[in-house]
Amino acid sequence: MQFSNIKCKSMQFENIENTNLMKVTLSIVHPGLNDKGTFISENAIRNAEESIKNKPILAYILRDDEGNVEDFDTHNMDVKLVEVGNGYELKTHYVEVPIGVISESCNPRYVNIDGIEYFQCDGYVWRNYGNGAAELIEDNEFKSVSMEIQILDGEFDKHNDIYTINNYVYEGVTVLGDHVLPGIGGAKIQKYSVCTDYKDALADIYKEIYSLERKEASMETEIIKEEVQSEEVVEETTEIVEDNEQETVMETIEETEEQVVEVEENVIEETEEVVEEETESLDVFSNILEEVPSTLKEVANIIGEKFSAMNEELNELREFKSKIDLEELKGQVDEISNKYDLDVDTTELKEKAITKDITLEQFEKELKVLFAEKVLENGKFSKDVKEEPAKVTVTSHEEGKIIYGGLFEKHGLK
């Protein structure tokens, strides 16, 4: 089982009568071979159609030094230093956040665009929780998106260098920045991590969609009510009818009035349910907030501040770990360097090892070469010693011997 993200067509928006939601249209995928050598059949797209429902619209927003929104980015991740047992461990998690949702009523369909049939659906981007995402889409009219899929069945043709996706399901859609290059990177795929916090965020978005769709249904009911009442007035003012037709008309009016009353009661009950759901939906934040505010906007602001604090803490941890790693690396470089007594300057080699332009193994190998050259230049491993001829001392056994008992010496004769 594999996960992949694939560049799609685009996302466009339309204005609706709701200050918290922006309705968007997503042109997601078309059958056939794409520019990067991935083939998706029409049958695979149609089989995956239902899985697009209730999936998140994700994004990571780039900001300048003053915190102003610049553009969307790509599939971003954060690395966090976590203390474990005898040291620290780096853990990776994806930092894309939900900015909207593709609801159950997304109206999946197929539309011909420039001679190519695209799979399209509708979605909603949340203005409050989106932290500027809706404004970015509005300012640019449309943005590119990447579909997040779970590949259930696929195969790679080595001869034609084509990866064919036979069966898949949707996991979400990520909005991309203008600087992100399109397409799939060869046959490699990137795993997509589904964040558990999405459930809480999407609950709020669903509440807004539910309210919006119920409001539209209520407006349609009012129109029906006006039409029925108009027909009632016309029937009551008609005087020239036969007796049997008069009775039929009156029965129809009575049945219509009962239907109108039932519809009004249903609308009132559903409205009360929406209000209750709005109150209950805030309870999902009780696990992450000590005190839950009374409005969704306040919740979004608090969560935004928490995310900022977490990112600041993460940056400090990264800086701390970098310093520790650098000192440790410098110590290893010095330890290796001290093993070899060299007359040449190795500062440049040390800098390359410290900046990781070369590995420690390569660094030591270079030192060994320099040491070998030094030995070859000297020609010997020991100091030169000047050789002198050997001196031999011979002691005569005749020296000091007195001949004839010393008679010659006694009489003055030698």
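The values are calculated or read from the model by the stated rules, or taken from the named source; none is laboratory data. If you're wondering where the values come from, they're calculated on a predicted model, not measured in any experiment. In this analysis, Cβ positions are derived from the backbone assuming ideal geometry, glycine residues included, and neighbour counts consider all displayed protein chains.
Here are some notes:
- Applying a threshold of 7 Å to beta carbon distances and a minimum spacing of six or more residues, or different chains, the list of pairs starting in the range 132-144 at a residue that is at positive phi and ending at one that is among the β-branched types (Val, Ile, Thr) reads Gly132/Ile61; Gly132/Val69.
- Flag for Glu348 being surrounded by fewer than 11 Cβ atoms within 10 Å (Cβ to Cβ) and modelled with pLDDT of 85 or more: yes
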